[in-house]
Every structure is written in C-alpha cells, then in structure tokens.
Amino acid sequence: MRILSGIQPSGALHLGNYFGMMKPAIELQEKGHAFYFIANYHSMTTLVDPVERRKNTLDVALDFLACGLDPKKTVFFRQSDVPEVTELTWMLSTVTPMGLLERCTSYKDKVAKGISPNHGLFAYPVLMAADILIYDSNIVPVGQDQKQHVEVTRDIAVKFNEQYGETFVIPEPQIRADVAKVPGLDGEKMSKSYGNTIEIFGDEKALRKKAMGIKMDSRTPQEPKPDADQNIAIQILKLVAPPETAKDYEDRLRAGGLGYGDLKKALFEHYWNHFAAARAKRAELAANLDYVNKVLADGATQARSVAQKVLQRAKVASGLE
Ligand code: ADP
Ligand code: TRP
C-alpha cells in the first residue's frame, strides 16, 4: 500500500501542521510504503523569495526528520527533484474541467484574502493530482482543508481513466477526525497565512510570549466557564499534555477559579516538554547537513524511478508514445 503526502515549504511548521499532518503521516510509515515530499513547486504560487524557499525547504526537512520520519522506512524527497511530475501535470490539465478548479475553496479563500492569483495558484490542484497519481498512491493523509484537493485528484484520475483506459490508481484521503483543525492564537484555524501560529521549534522566549498571547475573553478567574471545552488553550493542551492533565485543567476552568494566565503558563510548559526530544534531535541534524542532503538525494532517486514508470504508462495510454 502506497501512502503519500506533501507539505509546502512556505514558512516555519506549526502545531497545526504537526498534529494535522506530520504526526499522522509519521505514524503511517509503519503501515505501508510511505512517500513524503517537500512541495517546493507548490510554494512558488505564493512565495517568491528564493532565499526563503531554500531555507524553508531545509527547515521542513529538519523538522520532519526530528519529529520521527525514518528515512529507512520512508521515501523523503523534494518535489522538484522529480521533474516528471510537471510533465504529468500538463497531461492531467487537459482532462480537468475548468469548473472543477473554479469550485476549489482553497483558491477562492486565497483570492479573498487578497493574494493576486497567478495561473499556478489556480492550477495548483492539478499539480497536486500529479503528485498523488504519479506514485500510484492509495492513501493521502492530510488535514481537513486539503480534502477537497484529494477529491479533485480522484475526479481527474477517473476522467483520465475513462478517456484513455485504466491508468491511475484512485486515491483515498485520510483525515484524522480528532485533530482535523488545530486552532491558532486567535481561535481561527492555525495557519502560516493567518499569522496565528505556534511553531513546533524555535526560540523559547518568543514562543512563550506567543503562548501567553492566546486570545481569551474578559471573564474573571472565579467565574465558572461552562464552555471550557471551547477554550483555545484547552484545545491545544489536549494535544500536548497527557489526557488526565488536560481534563483536570478543563474541569478547573469549567468550575471557576483557574485564571487564564495560569492556564496559558501550563500550556506552554506541556508544549515545550512535548517536543523536548525532537528539539534535541533537530539540533543534532542541523549540525550534520550532509546527512540530511543525502537522505533527500536518496529519496529523490527512489521516487523518480516509480514516477518514471507511471508517467510512461500514462504516455502510452494517451498516445504520446
Ligand atoms: P498553512 O495553513 O499553515 O499554510 P499548509 O496549508 O501548508 O499550512 O498545510 C500543511 C498541512 O498541514 C496540510 O495537510 C494541512 O491540512 C495541515 N494543517 C495546516 N494547518 C492545520 C491546522 N490548523 N489544523 C490541522 N491541520 C492543519
Ligand atoms: N497542498 C498541500 C498543502 O498545502 C501540499 C501538497 C502538495 C500535497 N502536493 C500534495 C499534500 C500531494 C498531499 C498530497 O498542504
């Protein structure tokens, strides 16, 4: 069974990325042959600075390896090291109805937020379909916001298969319901583009300041809070602390008597401890970049050999060869 997922190098990775995508993806590497890649072509739709792209790409590699991606079990590579994927993108784009892309909410959201759209941003789901189909992927673990893109991929694969005969495996998205949407500092979905993130790794002082800045209401500490389960800090605490601890804080908040400042302090300590081992591993990796680059180069070689076979199949089916 082939498991595949990608992540854009568009900024430092945060708790939403970790619990929504990285952790489930890392756990899945025990269940099948996983392929994970850094979607640097996709990042070109919104990020224009080459220095930043290069830095972010390395950071994503370090973050993933530090969090437990095991290159002995998993093929880990940079998207652009398999250029075949862009060739397949063109082929898929010719069976993709315009309406399918026009309905994509992620595109509409980005435009609504003021990003001036280029063709790449509009065609983004077709490149994503190529990413998925070129490795005969069965399972695609992603956060809720990417589900529609995997559905678009399925539609494109079905269309191509109808037009040219059975060529592609039809993939399934895999969304973990319990962490489908990690809230950010302001209660909206945590996202690099909303500036409301808590990063997985970074400077302790700056991150503590961020955690202490989580938005709360103006109720007094003594007031009972029947909606304690909706509290942003409680929701994040449930991800980083043992379940009994998180429940204890939730109960105390509900009953009244627990101040928001104390809650946020506790949240920070649990979050910081949760990633302590990964932080040490990341420092080790950062001092051994030759190893990291070798992992990515080996991953690219393996990914490319699969991609070339599937692309060839599509070329024969469509009469290009
Ligand atoms: P961002 O919104 O920060 O730009 P991406 O769109 O690059 O994040 O998402 C990378 C992966 O992380 C995707 O699989 C996405 O679904 C997941 N993800 C991002 N933010 C969250 C979140 N707040 N909760 C759960 N999953 C998330
Ligand atoms: N679009 C995804 C995101 O922003 C990243 C991505 C690119 C991806 N290609 C993929 C995810 C293929 C899963 C499969 O999160």
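Things worth noting here:
- Selected residue [over 30 Å from Gln29 (Cβ atoms) and away from ligand 1 (no atom under 16 Å from the Cβ)] from Phe168, Phe122: Phe122
- The residue of the stretch 93-119 that is farthest from ligand 1 (Cβ to nearest atom), among those that are part of a loop (DSSP other than H, G, I, E, B) and surrounded by 15 or more Cβ atoms within 10 Å (Cβ to Cβ), is Val95.
- All of Thr220, Thr245, Thr197 fail the test of being in a loop (DSSP other than H, G, I, E, B), in contact with a His (Cβ under 9 Å, 6 or more places away or on another chain) and of a type outside the set (A, V, I, L, M, F, W, C), apart from Thr197.
- Qualifying position, being within 11 Å of ligand 1 (Cβ to nearest atom) and not in a loop (DSSP other than H, G, I, E, B), among Asp229, Asp131, Asp155, Asp178: Asp178
- Boolean, Thr167 is more than 17 Å from Gly6 (Cβ to Cβ), part of a loop (DSSP other than H, G, I, E, B) and assigned by TED's automatic domain parsing to the domain that holds Leu127: yes
- Lone unmet requirement of (1) surrounded by 13 or more Cβ atoms within 10 Å (Cβ to Cβ); (2) over 17 Å from Leu285 (Cβ atoms); (3) more than 16 Å from the chain's Cα centre (by Cα); (4) not basic (Lys, Arg) for Asp49: (1)
- Residue under evaluation Arg54, criteria (1) in a helix (DSSP H, G or I); (2) touching a residue at least 12 places away in the same chain (Cβ under 8 Å), criterion not met: (2)
- Residue match in the stretch 28-49 (condition: within 15 Å of ligand 1 (Cβ to nearest atom), assigned to a helix (DSSP H, G or I) and more than 22 Å from Asn118 (Cα to Cα)): yes
- Boolean, Gln79 is of a type outside the set (A, V, I, L, M) and buried (at least 23 other Cβ atoms within 10 Å of the Cβ): yes
The values are calculated or read from the model by the stated rules, or taken from the named source; none is laboratory data. Since the structure is predicted, the reported quantities are computational estimates derived from the model, not experimental observations. Cβ: placed from backbone, ideal geometry, glycine included. Neighbour counts: every protein chain shown.
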